[in-house]
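Here is the structure we will look at, set down as structure tokens.
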Amino acid sequence: MRGAGEELVLGITGASGAIIGVRLLEVLVERGQQVHLIISPGAETVIREETGREVADLKALATFYHAAHDMAAPLSSGSYVSPHVRAMIIAPCSMKTLASIASGLAENLIGRAADVILKEGKRLVLIPRESPLNPIHLENMLRLARLGVAIVPPVPPFYQRPHTVQELLDQMVGRILDQVGLHTDLTRRWSGRS
């Protein structure tokens with residue numbers, strides 16, 4: 001068993017871009033990271049449609065799986081989160097989930113876990129997947145950013161001259177993991193012009 005603060009929560013919501021959450025899960029597991037996985041009902045459909053993956057396969061990869069409706073899961077309490085969990089990533093993060101977190105609604109376990117992460121002073125990283133953004137989206141993001149939440153839209157780093165979608169995806173995943181202090185070799189680091 002790893003020490004306290006080594007677990008990470010990964011929420012996958014029903015926004016397009018499920019491949020980001022799937023790849024994050026794969027990379028975290030490859031690194032030996034303990035992962036609490038929560039998949040919203042909408043995400044189950046999007047995962048199958050966009051990736052062709054079975055949700056059961058993703059559940060099997062995670063260290064812990066919690067149903068989105070399970071409000072009695074350990075992640076719903078600060079007494080569990082505070083000593084065990086280092087951070088939470090929601091990838092992709094739907095605008096509904098983002099608004100729920102910004103309003104403190106905690107209508108499902110993803111929202112409740114995010115609320116607990118915030119109240120316990122842990123790192124919350126949201127990967128909003130919407131375009132174009134309307135003023136409500138932007139105001140909700142600003143509200144959360146002012147609370148210290150990292151808002152990390154999946155913007156492709158074209159300056160790295162990727163040749164495949166997989167390279168683009170890995171570079172984005174590497175930058176997302178930077179936000180929780182997990183540095184990988186998935187992205188090329190700028191070292192100045194040569």
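The values are calculated or read from the model by the stated rules, or taken from the named source; none is laboratory data. Quick caveat, the model's predicted, so the values are computed rather than measured. Don't worry about glycine lacking a Cβ; one is built from the backbone with ideal geometry, like all the others, and counts go over all protein chains shown.
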Problem set entry | All positions within the range 168-194 that are part of a helix (DSSP H, G or I) and touching a residue at least 12 places away in the same chain (Cβ under 8 Å) | Leu168, Leu169, Asp170, Gln171, Met172, Val173, Gly174, Arg175, Ile176, Leu177
For this session: From Ser103, Ser76, Ser82, grab the single residue that is over 13 Å from the mean Cα position of the chain (by Cα), without any contact (Cβ under 8 Å) to a residue 60 or more places away in the chain, over 25 Å from Gln171 (Cα atoms) and crowded, with 17+ Cβ neighbours inside 10 Å.
Result: Ser76
Seminar exercise, completed: Quick count over the range 29-53, residues being of a type in the set (Asp, Glu) and in contact with a helix residue (DSSP H, G or I) (Cβ under 7 Å, 6 or more places away or on another chain), is 2
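From Leu186, Leu169, Leu177, grab the single residue that is touching a His at 6+ places or on another chain (Cβ under 9 Å) and closer than 17 Å to Val22 by Cα.
Exactly one residue qualifies, and that residue is Leu177.
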Problem set entry | Unique match (being crowded, with 22+ Cβ neighbours inside 10 Å, under 27 Å from Arg146 (Cβ atoms) and in contact with a Gly (Cβ under 6 Å, 6 or more places away or on another chain)) among Ile89, Ile117, Ile110, Ile20 | Ile110
Exercise. Is it true that some residue in the range 86-98 is outside any loop (DSSP other than H, G, I, E, B), farther than 20 Å from Asp170 by Cα and of a type in the set (D, E, K, R)?
Worked result: yes
Seminar exercise, completed: The number of residues in the range 134-165 that are of a type outside the set (Ser, Thr, Tyr) and either at pLDDT below 95 or not in a helix (DSSP H, G or I) (or both) is 19
Exercise. Within the range 144-187, how many residues turn out to be exposed (fewer than 14 other Cβ atoms within 10 Å of the Cβ), of a type in the set (D, E, K, R) and over 22 Å from Gly32 (Cβ atoms)?
Worked result: 2
